[in-house]
Amino acid sequence: MARSAYSEYYEEVEIESESDWHARSLEDVYETLETTEEGLSTDEARERLEREGPNEIEGEEGISPLQIFVDQYKPALIWVLIVATAVMAVVGHTIDAAVIAGVVVFITVFGFLQDYRAEQSIQALKEMSTTHALVRREGEKTEIDATNVVPGDVIFVESGDIVPADARIVAESNLSVDEAALTGESVGVSKEVGQIEEETSLAERENMLYKDTVVERGSGTAVVVETGPESEIGQIATALEEAEDRDTPFEAEMDRLGKLIALGVVGIVSIIAITELVIGDTQPLQVFLTAVGIAVSAVPEGLPAVVTLSLALGARRMAEKNALVRRLPIVEALGSVDVVCTDKTGTLTEEEMTVQRIVANRETYEVTGTGYDTEGEFLQDDDPVDADRVAEVLRCGMLCNNVDVGTREGEDDGNAAGDAGNEERTYLGDPTEIALFVAAQKAGFDHEEIATAYPRTGEVDFTSARKRMTTVHETPDGGTAAYMKGAPETVIERCDRELVDGDVVELTDKRRDELEHRNEAFAEDALRVMGFAYRPDVPDSQATDPDEGIEQGMVFLGLQGMLDPPRPEVPDALAGCLDAGINVVMITGDNAVTARAVGKEVGLRSATVITGSDLEAMSDEELRDVVDDVDIFARTSPEHKTRILQTLQDKGHTVAMTGDGVNDAPAVKNADVGVAMGIRGTDVTEQASDIVLLDDNFATIRDAVRGGRRIFDNVRKFVNYLLSGNGGEVTMIFSGTLAGLGLVITPIQVLWINVVTDGIPALTMGVDPAASDVMERDPRPPEEGVITERIVTSIVGIALFMTVCLLPLFTLNFYGEVIPGYDVTGAILGWSPDYEVGRDLAQTMVFTGFVVFEIVRIQAIRYRYGLGLFSNNWLVLAVAIAITLQLLVLYTSTGQLLFDVEPLALVHWAQIAVAAIVFALLMAIFVKVQDRYFERY
């Protein structure tokens, strides 16, 4: 197999087991573990628990609250605000310092609460699936918490149980285990007692049970050999914990922005200070206060709060749609995803096998209904037929079956067979057997009645080598019959006759060929096919102790073809992704024929399929050349998944990767967006993920991507809005200082604008609806950040326009108060009035002008996204609140005292209105110019 650097990383994480428990004799296993078939004593178990530690793996306890809180202080912009707070406090601006400190507290506490809530939700999911173990202690069976299982314990498992620890099997009865969580194999593994070669691979160790795998059918007894971190799953999890977490592009950009702002503040303040001290006669204290004013205006205090709240609101909406976000910044990362690598079973499909076609009496019949719903009809050429036509093959499917049936309280979701609304039927067993069971129920068979009429007396187990299973039953007429099911070719080769319309006839070679072709046709339609047969004359000697000899001279009954149907919402969801420029790649362990058929049904763009064996024969360069043209990978292992991921990322793609098994965790952790399955996913994969799908549904991924794009648009809007406003403040103060006018606006006024009258509308922009074309655009390039060239030109342009429109307001009102009848000519002639006279009114004009300009600016930004003034009611309310707060500052004694403002007369408002109209016209012209040179957004 061709190797890559990523393959080497995968091997480091996967850790090939070095234990040899499977190769030892049972006597050696008992001796090494110092235990017996009777298990451990209570005291010995307690001592081992203290010595070995609980049967838990790293990461199961989740992230500590302290670590979550500390993580809130990582962004550079937070530290810029902390420094600004300290500076304000030192120079005596206690109110300013208190306001900035309050912003920092809000950002960190709110971010902490959101991340903590997500972590608690993950832990709640785990608590819901907390497992218990049945062990033998003091020679008696005892149920204990699975975390208290220790090496040397003798455990008992049966159908539906989660295996609590790695264990060597000492006894079993028809035991089959689903090990997909560990090995990626989608087919259950039949287990048996015995000693096997030491070199046997993990997936082929039929005498071992492994922690967190699921018993599909049968029962078994085993002695625990490894627990917790030493188990196979624990070793993978431990290595995974050591892998370094990567920042999302958004986190990196926000950190870079914070550093740029800090450097920019230092640079601007230095320039102003040097200019004032060298060419002016300003006192050093005044220079320092001016520098502080500029520093406050340059720092967008509200930006971290707005970003945090916007991401949190987006995460909450996604949670309502069954996508639990574990880290806030990943919400934004979804917007740049251009490839989604998805599992098939349970994500694209229902994960409920359903019998759809039956061959019986040399005819083919369709079966209606999906999933485990027992309502359905039998059709031939679209016409209903009596269930008696398929009764024998269905009876065989229910008798030769090890499904356990129960009921639980709950709402009727289509799986209920009793009175709707109260009881829900539950099935435990292999999905294929459940499908056969449900098909028989559609024909009216009752499992309790048929079990009573045909009591089972013996069984020949299914194994991967035999590919068939046979059960022996007493019949109502007092005889004994054997019923077989299995792979069609293995069943047919055991038959010499066929049941046709109630008559037993010879099974000819021609008929065998016909059945083979029918089997192939079913497989091409993605159906999993099983054959059925029975033997009506079982000898008494084999009735209670059958062996393979009973599987001779069978009568062929028919075929049943079943399908794990696609979720009904998946085709539309997948089409939506393709329209949005997002390629969808299905990675499955199923065979190529089934994978291609399912891909065609859900709407994948092509029928190109590469199998795991094809991948192993390819070099990295060969895979790189074809990976963009392939949307189905079949018969793959988890290692293949990581190689596909790395190749896509190397080609510049932003990849979302789904996974559920432990061996999927490396791929999920290293994807740009790791997606774990909440229903069938393992704890390790959930810990490695960024998002957990609570419904395991592909449509939820589509909705999450749409939400991510919407959130990114909103983040870009208010970043543009806040930074352009701050740029205007910096330019205004800088220009006023160079013009010898001193501070044209005070630090606390700037803080009020940044935090309150800017911050409140910006917060509500976080809930702006999506642009109509949000899922029609191609994903943005990974290297394209929030701040684009267009936004940079906007920040510069808007800053200049604000200064051009507001500086005259300051000048006219400042000099007008000092010299009655003053006009612009007087200013040009160089009159030098007392700077303190009239400053309050002039600063108030600039202060209020900024507030009005920002309101005009916010709608200009939203207009480019096709959003009308009243498309966001929260924004309308926020603007109303901002205006009201500004009026309270201007016309209340408390506001006037705190902010050093003068109440404005009607003439002053008229001046601001004229300036705002000029500002709006300048922006409209500027946007038209930008449209010629930049993308729309």
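Since every read-out is calculated from the coordinates, none of them should be taken as a lab result. Note that the structure is predicted; figures quoted are calculated from it, not measured. Every residue, glycine among them, receives a Cβ derived from its backbone with ideal geometry; neighbour counts consider all protein chains shown.
Could you give the length gained on full extension between S541 and T142, defined as 0.36 nm per residue of separation minus the Cα-Cα distance, in nm? Write down the numbers at each step before the final one.
On the way: separation 399, 0.36 × 399 = 143.64 nm, distance 3.84 nm.
Full extension from S541 to T142 adds 139.8 nm.
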* Structure fact -> When K928, K442, K321 are arranged by how many other beta-carbons sit within 10 Å of their Cβ, fewest first, they go K928, K321, K442
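Defining a contact as two alpha carbons under 8 Å apart and six or more residues distant in sequence, what relative contact order in percent does region 354-563 show? All intermediate terms of the calculation are to be shown ahead of the outcome.
Numbers: 433 pairs, mean separation 47.4, N = 210.
Once divided by the residue count of region 354-563, the mean separation gives 23 percent.
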* Asked: To the nearest Å, what is the center-to-center distance of region 507-561 and region 34-50, using C-alpha atoms only?
  -> 48
* Asked: Going from the alpha-carbon gyration tensor of region 354-563, what semi-axes, largest first and in whole Å, does one get by taking the root of 5 times each eigenvalue?
  -> 26, 22, 15
* **Simple spin-label estimate for T884 and R497 in nanometres, 7 Å along Cα-Cβ** => 8.9
* Structure fact -> Under the Karplus relation with 6.51, -1.76 and 1.60 and θ = phi - 60°, whole-Hz ³J(HN,Hα) for region 337-347, x at Gly and Pro, equal 5, 10, 9, 10, 9, 10, 6, 8, 5, x, 9
* To do: Note down the nm distance, to one decimal, between modelled labels 7 Å out along Cα→Cβ at R624 and at R512.
  => 5.2
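If each residue's Cβ is checked for other Cβ atoms within 10 Å, how do D477, D545 rank with the fewest at the top? Write out the running numbers ahead of the final one.
Values: D477 7, D545 10.
Least to most surrounded, the residues fall as D477, D545.
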* **Ranked packing of 561-573, 756-768, most packed first, by mean Cβ within 10 Å** => 756-768, 561-573
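Can you tell me the order of 216-222, 452-458, 312-318 when each peptide is scored by its average per-residue count of other Cβ atoms within 10 angstrom, highest first? Before the final figure, lay out each step's value.
On the way: 216-222: 22.3, 452-458: 14.7, 312-318: 20.4.
Order by mean packing, descending: 216-222, 312-318, 452-458.
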* **Part-to-part distance (alpha-carbon centres) for region 323-381 and region 129-175, which is given in Å** => 33
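Can you compute the charge dipole magnitude of region 354-563 about its Cα centre, using +1 on each Lys and Arg Cβ and -1 on each Asp and Glu Cβ, nothing else charged? Give it in debye, rounded to the nearest 20. Show your work: numbers first, answer last.
On the way: 20 positive and 48 negative charges, 137 e Å.
Roughly 660 debye for region 354-563.
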* To do: Note down the nm distance, to one decimal, between modelled labels 7 Å out along Cα→Cβ at L49 and at Q67.
  => 2.5
* Structure fact -> Going residue by residue through region 220-236, the Karplus relation 6.51 cos²θ - 1.76 cosθ + 1.60 with θ = phi - 60° gives ³J(HN,Hα) values, rounded to whole Hz and with x marking Gly or Pro, of x, 10, 8, 10, 5, 10, 9, 9, x, x, 7, 6, 4, 5, x, 5, 5
* Asked: How much length is gained if the chain between S871 and D383 is pulled fully straight, taking 0.36 nm per residue apart and subtracting their Cα-Cα distance, in nm to one decimal?
  -> 170.5 nm
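Indicate the gyration tensor shape class of region 659-709 (rounded, prolate or oblate), computed on the Cα atoms with a ≥ b ≥ c the square roots of the eigenvalues: a/c under 1.5 is rounded; otherwise a/b larger than b/c is prolate and the rest oblate. Walk me through the intermediate numbers first.
Details: a/c = 2.58, a/b = 1.45, b/c = 1.78.
Judged from the Cα gyration tensor, region 659-709 comes out oblate (a/c at least 1.5, b/c at or above a/b).
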* Structure fact -> In order over region 879-884: 3J(HN,Hα) from phi, Karplus 6.51/-1.76/1.60, θ = phi - 60°, whole Hz, x for each Gly or Pro, gives 4, 4, 5, 4, 5, 4
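Taking region 711-811, which GluC sites (Glu not before Pro) meet the DSSP loop condition and have no more than 10 other C-beta atoms within 10 Å?
On the way: sites: E729, E776, E783, E784, E789; in loops: E776, E783, E784.
Answer by residue number: E783.
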* Asked: Given 0.36 nm per residue, what is the gain on full extension from E320 to D931 after removing their alpha carbon distance, in nm?
  -> 216.2 nm
* region 606-679 versus region 838-893: alpha-carbon centroid distance in Å -> 50
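Could you compute the FRET efficiency for E199 and I679, with r as their C-beta to C-beta distance and R0 at 41 Å, rounded to 0.05? Provide the component values of the computation, followed by the final result.
On the way: r = 36 Å, r/R0 = 0.87.
So the FRET efficiency works out to roughly 0.70.
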* To do: Give me the lysines in straight-line cross-link reach of K600: C-alpha distance below 18 Å, same-chain residues under 8 apart excluded.
  => K344
* Collect residues whose amide H, placed 1.01 Å from N in the peptide plane, falls under 5 Å from the amide H of T349; neighbours closer than 5 in sequence don't count. => R567
* Asked: Near the amide H of T463, under 5 Å away, which other amide H atoms are found, from residues 5 or more places off or on another chain, if H is placed in the peptide plane?
  -> R468
